[in-house]
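Visitor: Following this message is one structure expressed as structure tokens.
The values are calculated or read from the model by the stated rules, or taken from the named source; none is laboratory data. All figures in this text were calculated on a predicted structure; none of them were measured in a lab. Please note: Cβ atoms are built from the backbone with ideal geometry, for glycine as well, and neighbour counts cover all protein chains shown. When the accessible area is computed, the model is the full protein with side chains, heavy atoms only, and any ligands, DNA or RNA have been set aside. Shrake-Rupley method; radii C 1.70, N 1.55, O 1.52, S 1.80 Å.
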Amino acid sequence: MDLSQDARPGITHHRMIIDGSAVDSISGDRINIECPANKQIFASVPRGGIEDVEKAVTAATSSFAAWSSIAPRERGRLLLKIADALEPEMEPLACIIAKETGNAIRTQARPEAMSVVEIFRYFGGLGSELKGETIPLGETVLSYTRREPFGVVGAIIPWNAPVMLGVLKIAPALCAGNTIVMKAAEDAPLGILKIAEICQKILPKGVVNLITGTGAECGKPLSEHSGIRKLSFTGSTPVGKMIMRAASERIIPVSLELGGKSPSIVYPDANEEWAIEGIIAAMRFTRQSQSCTAGSRLFLHNKIFDSFLEKLVSKLDKLKIGNPLDETVDIGAIINEKQFTKVQGYIEDGLNNPEANLLCGGLPPKMGPLSEGYFAVPTIFENKSNNWRLAREEIFGPVLVAIRWDNEKEVLKMANDSHYGLAAYVWTRDITRGLNTAHALEAGWVQVNQGLGQVPGHSYGGYKQSGIGREFSLEGMLDSFTQRKNVTINLATPPSPLV
């Protein structure tokens, strides 16, 4: 929604960060930010365009030489200072995240805010790990490699966990010596804007630039800009393909963290409370399942299918849905009307499928407090098949498909029968079976007997159409934000010059 001049009370107007300064867009246009819990406009940000992208890339380019020449350990120390500066801001940041994303403050927004400090500290300690190798080519030759930054990184982030996912690009890119131009998600730009503002107090100007705007008007020009030397994108697979095409035009490297349709395989010996709690966590129900790692395909062994689901439904019924800023709430709101309508469409598809059986949830309430926001209820459909729309497409909402299985070979085949391959979950008391299953699954990130989120040190990323590259880790930083150069020196005595 466009907002050039809006003087309504209660609306705060924010600015982008370009070259160390808070600025409006050149056009003067703005975008409204809506609270998903009550559908009320509460803030606005600049509606950036191609000219704003140009300014930001120019600033990042100008600052690159000086930033990359700073000793890596010193760059790391600056990241640690950012972490220290962020720590007292955790609670205000959590409130911003809850209000703009609709994620419940206790179960989601506060943990996300806390993860920011941890991520900056992790990568702040990795400055000394930007190492090369020596190659043994004989006593008269010295050959070695060195890790060098790309230059200006163009980064685009989504709205589901905008602060954590934004920092996962800023911290490793800067540690490696790059500068960055990041486009915030237009639905949830305020939390990452706050991070960028704090960065300006510690970093040289132009090192971190944060622009706001739509994907078409701001993200597309950023991905196509000739001054960008590396693209890093987190979001949907269709948009990821567009980013990859833009990168191919200039032959620049790209990192993509994309969608998922992750399987959870439950063996008969895991029909217990801990596994049920784990399935709720893996499905990311307390983030409205707006997560690319959501375990949205639940493969339950036939022996425990009915009893497991009965207990799972009972647990879900006890979760409280409501105002994300309420400390007693477990589940918040869907991000916006577009996504809310999309989720409803999938539920209607399930309700109209004669082979599907609704076990809990269904369409959102039309009356009462929950009708005042974009609130969806946890929903489970039972179906015998993995070959229907709800089991194949990423819904990005709290809709779980439960499928029976008896044969281990067949369940692995169903689990791998997807063009996605991001995450997977295995539940069993038999650790040998758990490991063998984990190794057989075509996914980049597999958990056995837990459904937790990522932590710094995990090598996180996808197989197949779930992405390219890794995040959260040292190797992710080295692979995604550095390029390797080989230097070879002849150590033999050079011939004497002609006299």
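Visitor: Report the residue count in segment 334-377 for those that are closer than 22 Å to residue 187 by Cβ, in a loop (DSSP other than H, G, I, E, B) and not hydroxyl-bearing (Ser, Thr, Tyr).
Guide: Adding up the residues that qualify gives 8.
Visitor: Give segment 274-331 a look and list any residue that's more than 18 Å from residue 402 (Cα to Cα) and among the β-branched types (Val, Ile, Thr), or say none.
Guide: Correct list: 286, 321, 328, 329, 331.
Visitor: Moving to a separate point now. Please go through segment 378-389 and give me each residue that is in a loop (DSSP other than H, G, I, E, B) and surrounded by fewer than 16 Cβ atoms within 10 Å (Cβ to Cβ), ordered by number. Give the derivation first.
Guide: In the first step, residues of segment 378-389 are kept if they are in a loop (DSSP other than H, G, I, E, B); the result is 378, 383-388.
384, 385, 387, listed by residue number.
Visitor: If I ask for residues that are over 17 Å from residue 19 (Cβ atoms) and either modelled with pLDDT under 95 or in contact with a Ser or Thr (Cβ under 8 Å, 6 or more places away or on another chain) (or both), which ones from segment 214-235 would you list?
Guide: 230, 231, 232, 233, listed by residue number.
Visitor: Could you list all residues from segment 63-115 that are among the acidic types (Asp, Glu) and open to solvent by less than 50 Å² (accessible area, probe 1.4 Å)?
Guide: Going through segment 63-115, the residues among the acidic types (Asp, Glu) turn out to be 74, 84, 87, 89, 91, 100, 112.
Passing the criteria: 100, 112.
Visitor: Name every residue in segment 476-499 that is of a type outside the set (A, V, I, L, M) and in contact (Cβ under 8 Å) with a residue 24 or more places away in the chain, in order of residue number.
Guide: The answer is 476, 480, 481, 482, 483, 484, 485, 486, 488, 490.
Visitor: Can you find, within segment 327-384, the residue that is farthest from residue 100 (Cα to Cα) among those that are acidic (Asp, Glu) and in contact (Cβ under 8 Å) with a residue 24 or more places away in the chain?
Guide: Let us first name the residues in segment 327-384 that are acidic (Asp, Glu), namely 327, 330, 337, 348-349, 355, 372, 382.
Narrowing the set further to residues that are in contact (Cβ under 8 Å) with a residue 24 or more places away in the chain leaves 327, 330, 337, 349, 355, 372, 382.
On the way: 327: 16, 330: 17, 337: 13, 349: 29, 355: 38, 372: 16, 382: 33 Å.
That would be 355.
Visitor: List pairs: first residue in segment 448-475 and under 20 Å from residue 261 (Cβ atoms) and open to solvent by 30 Å² or more (accessible area, probe 1.4 Å), second residue part of a loop (DSSP other than H, G, I, E, B) and β-branched (Val, Ile, Thr) anywhere in the structure, Cβ distance under 9 angstrom, at least six positions apart or on different chains.
Guide: Correct list of pairs: 448/428; 453/293; 454/293.
Visitor: Out of segment 253-276, which residues are in contact (Cβ under 8 Å) with a residue 60 or more places away in the chain and either assigned to a loop (DSSP other than H, G, I, E, B) or surrounded by fewer than 18 Cβ atoms within 10 Å (Cβ to Cβ) (or both)? Spell out how you get there, then give the answer.
Guide: The initial filter retains those residues of segment 253-276 that are in contact (Cβ under 8 Å) with a residue 60 or more places away in the chain, namely 253-267, 269-270, 274-275.
Passing the criteria: 253, 258, 259, 260, 261, 262, 267, 269, 274.
Visitor: Look at residue 329 and say whether it is outside any loop (DSSP other than H, G, I, E, B), surrounded by 14 or more Cβ atoms within 10 Å (Cβ to Cβ), within 28 Å of the chain's Cα centre (by Cα) and of a type in the set (Val, Ile, Thr). Walk me through it before giving the result.
Guide: Numbers: outside any loop (DSSP other than H, G, I, E, B): no; surrounded by 14 or more Cβ atoms within 10 Å (Cβ to Cβ): yes; within 28 Å of the chain's Cα centre (by Cα): yes; of a type in the set (Val, Ile, Thr): yes.
Answer is no for this residue.
Visitor: Here's something else I'd like to know. Mind checking which strands (runs of 3 or more DSSP E) fall wholly inside segment 390-499 and carry at least 2 residues that are among the hydroxyl-bearing types (Ser, Thr, Tyr)?
Guide: Those strands (runs of 3 or more DSSP E) span 482-490.
Visitor: Still on this structure, please answer the following. Quick one: what pairs do we get from segment 139-164, first residue free of Cβ contacts under 8 Å to residues at least 60 places away in the same chain, second open to solvent by less than 10 Å² (accessible area, probe 1.4 Å), C-beta under 9 Å, 6+ apart or different chains?
Guide: Listed by first residue and then by second, the contacts come to 164/113; 164/116; 164/119.
Visitor: Continuing with this model, one more query. Taking the conditions exactly as written (more than 23 Å from residue 200 (Cβ to Cβ), part of a loop (DSSP other than H, G, I, E, B) and modelled with pLDDT of 95 or more), does residue 38 satisfy them or not? Before you say what the answer is, go through the steps one by one.
Guide: Values: more than 23 Å from residue 200 (Cβ to Cβ): yes; part of a loop (DSSP other than H, G, I, E, B): yes; modelled with pLDDT of 95 or more: yes.
Yes, satisfied.
Visitor: Let me ask something else. Can you tell me which of (1) closer than 30 Å to residue 102 by Cα; (2) open to solvent by less than 20 Å² (accessible area, probe 1.4 Å) is the one residue 118 doesn't meet?
Guide: Tallying (1) closer than 30 Å to residue 102 by Cα; (2) open to solvent by less than 20 Å² (accessible area, probe 1.4 Å), residue 118 fails exactly one: (2).
Visitor: Taking segment 417-437, which residues are more than 24 Å from residue 165 (Cβ to Cβ), open to solvent by less than 20 Å² (accessible area, probe 1.4 Å) and among the aliphatic types (A, V, I, L, M)?
Guide: Correct list: 426 only.
Visitor: Would you confirm, using the coordinates I've provided, whether residue 115 is over 18 Å from residue 168 (Cα atoms), small (Gly, Ala, Ser) and outside any loop (DSSP other than H, G, I, E, B)? Before the answer, list the steps.
Guide: Working: over 18 Å from residue 168 (Cα atoms): no; small (Gly, Ala, Ser): yes; outside any loop (DSSP other than H, G, I, E, B): yes.
No, not satisfied.
Visitor: Here's a follow-up. Taking residue 397 and the conditions (1) open to solvent by 40 Å² or more (accessible area, probe 1.4 Å); (2) touching a helix residue (DSSP H, G or I) at 6+ places or on another chain (Cβ under 7 Å), which numbered condition does it fall short on, given that it satisfies the others?
Guide: Only one criterion is unmet by residue 397, namely (1).
Visitor: Can you tell me which residue among 185, 155, 176 is touching a Ser or Thr at 6+ places or on another chain (Cβ under 6 Å) and under 23 Å from residue 259 (Cα atoms)?
Guide: Details: 185 fails: touching a Ser or Thr at 6+ places or on another chain (Cβ under 6 Å); 176 fails: under 23 Å from residue 259 (Cα atoms).
Just a single option satisfies the conditions, and that option is 155.
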